[in-house]
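Peer 1: The structure's right below; bear with me while I get my questions together.
Read-outs throughout are calculated quantities, based only on the coordinates presented, and are distinct from any laboratory measurement. Bear in mind that the values here come from a model prediction, so they are computed numbers and not experimental data. When we count neighbours, we look across all protein chains shown, and the Cβ atoms used for this are built from the backbone with ideal geometry, even at glycine.
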Amino acid sequence: MESFYRIARLISLNGARVASAFLIAMVILVLVDIIRRTCFGTSFIIVGEYAGYLLLGLSFMAFAYTLSVGKHISITLVTSRLHGRVKKYISLFVSVLALAFCAYFGFHIFEMTKVSYQSMTVSQSVIRTPLFIPQLVILIGMVLLTFQFFILTCQEVFESILGRKCRKL
């Protein structure tokens, strides 16, 4: 079980590293465009499109890590007032629901990426970026998030049903 947690931690950490690289690339791309626009009066055509792709990529690649360190968005309006087993069962239900949600959308993102690849769909900009490339990053991020929700759900099952404390990622 320890090796399973270690692999999960490594996978989500690598997703965060990729997200950090996307952020750095986006900042560099925008800064170079600002300098070019200020000094030479022209702009790169690709900056808006690729900054959007990088922002989308960094968001999806960072979701799993955010969940693994317990900083993912959670609404505690109801759960903050609950205690004991009821709180654990509600938490388990929400984890299962989130896992199902991620798996469902992950499947549809896979289908969208597959169709984009097979039909060689490109963006409508001048650069004509093959859309399966940014969609593939979204798919990888969604797979990482689904995997992380699977781990969270397993932890919740061990704690709620079996009554055993699990090591948190």
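Peer 1: How much length is gained on full extension from HIS108 to ILE161, taking 0.36 nm per residue of separation minus their Cα-Cα distance? Working shown, then result.
Peer 2: Values: separation 53, 0.36 × 53 = 19.08 nm, distance 3.15 nm.
Additional length available on full extension: 15.9 nm.
Peer 1: How many nm is it between the label spots at ARG85 and PHE4, if each spot is 7 Å from the Cα in line with the beta carbon?
Peer 2: 2.4
Peer 1: Can you give the charge dipole size of the chain about its Cα centre, rounded to the nearest 20 debye, using +1 on the beta carbon of Lys and Arg and -1 on the beta carbon of Asp and Glu?
Peer 2: 640
Peer 1: May I pose another question? Would you mind getting me the FRET efficiency between GLN118 and LYS71? Use the beta-carbon distance for r and R0 = 41 Å, nearest 0.05.
Peer 2: Calculated transfer efficiency: 0.65.
Peer 1: While we're looking at this one, here's another question. What ranking do PHE40, PHE60 get, fewest neighbouring Cβ atoms within 10 angstrom at the top?
Peer 2: PHE40, PHE60
Peer 1: If each residue's Cβ is checked for other Cβ atoms within 10 Å, how do HIS72, HIS83, HIS108 rank with the fewest at the top?
Peer 2: HIS83, HIS108, HIS72
Peer 1: Given a Förster radius of 41 Å and the C-beta distance between ILE45 and VAL96 as r, what FRET efficiency does 1/(1 + (r/R0)^6) yield to the nearest 0.05?
Peer 2: That pair, ILE45 with VAL96, gives E of 0.35.
Peer 1: List LEU92, LEU152 from most exposed to least, where exposure is judged by having the fewest other Cβ atoms within 10 Å.
Peer 2: Final ranking by Cβ density, sparse to dense: LEU92, LEU152.
Peer 1: What's the long-distance tail for the chain, i.e. % of Cα pairs beyond 29 Å? Could the numbers behind the result be given before it?
Peer 2: Working: 4990 of 14196 pairs.
Roughly 35 percent, once rounded to a whole number.
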